[in-house]
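The values are calculated or read from the model by the stated rules, or taken from the named source; none is laboratory data. All figures in this text were calculated on a predicted structure; none of them were measured in a lab. Every residue, glycine among them, receives a Cβ derived from its backbone with ideal geometry; neighbour counts consider all protein chains shown. Quick note on the areas: whole protein, heavy atoms, side chains included, nothing else; ligands and nucleic acids left out. Shrake-Rupley method; radii C 1.70, N 1.55, O 1.52, S 1.80 Å.
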Amino acid sequence: MDENNKKIGRNKKDSNDDMINLVDNLNRQDDVKYNRRSFLKATVGASVTLGLATLPFSIKAMMDDGAKDVNRVEIAKLSDVPKGESFKFGYPTEDDMALLVHTKNGQLKAYNSKCTHLSCPVFYESTKDVLLCPCHKGYFNVSTGHPMAGPPQRELPLIELEVIDDVIYAVGRKIRHG
Ligand code: FES
């Protein structure tokens, strides 16, 4: 075999190998395409399944959010709590001590009265128009429930009120942070 035939033979052989490689590569590309498609299908399927599975919880959470801590409880008659006086009650349960305050300037305010420092009961100090925790002299603003002086750093939980026909109701609670 002369030099040219060797080249032809080698080229011919190489050409067949190239065809096989090309077909292999095409098959591999198809595999990648199918694998990618399968992966996408599986991912979308899993997302839809998860979304559907959690949908009832999402709906419940949305419904709960609107009704959160709403529990209407009669506290006292407005005429029984004159300006400058306070009244103890429990909210949202009997065990959650709370204080209704009719301030000297006529505001009606209510808070859970467990001090946010170390849980002593807070009282209305009418002469200074503040809420006072006697344990470590913690002071809270009666209009906002925010700590003013002493060790407490957090607000008292605010109890929302409604007055209908001389009756004061607790209708909700806001637990604030900061
Ligand atoms: S418990 Fe109220 S100031 Fe410490």
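Rundown of residues vs (1) at positive phi; (2) at pLDDT below 95; (3) surrounded by 15 or more Cβ atoms within 10 Å (Cβ to Cβ); (4) in contact with a Gly (Cβ under 6 Å, 6 or more places away or on another chain), yes/no style:
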residue	(1), (2), (3), (4)
53	no, yes, no, no
56	no, yes, no, no
60	no, yes, no, no
65	no, yes, no, no
74	no, no, no, no
82	no, no, no, no
86	no, no, yes, no
Restricting the range 143-159 to residues that are touching a residue at least 40 places away in the same chain (Cβ under 8 Å) and in a strand (DSSP E or B), the one nearest to residue 72 (Cα to Cα) turns out to be 159
Taking the range 102-117 and the residues there that are more than 16 Å from the ligand (Cβ to nearest atom) and over 16 Å from residue 88 (Cα atoms), the one that is least open to solvent (accessible area, probe 1.4 Å) would be 106
Those residues of the range 147-166 which are more than 10 Å from the ligand (Cβ to nearest atom) and surrounded by 17 or more Cβ atoms within 10 Å (Cβ to Cβ) amount to 155, 156, 157, 158, 159
Within the range 118-141, of all residues that are part of a loop (DSSP other than H, G, I, E, B) and closer than 14 Å to residue 87 by Cβ, the one nearest to the ligand (Cβ to nearest atom) is 122
Per the list (1) open to solvent by 30 Å² or more (accessible area, probe 1.4 Å); (2) within 10 Å of the ligand (Cβ to nearest atom), residue check on residue 94 breaks on (2)
For the range 118-152, the count of residues that are over 22 Å from residue 92 (Cβ atoms) and touching a strand residue (DSSP E or B) at 6+ places or on another chain (Cβ under 6 Å) equals 10
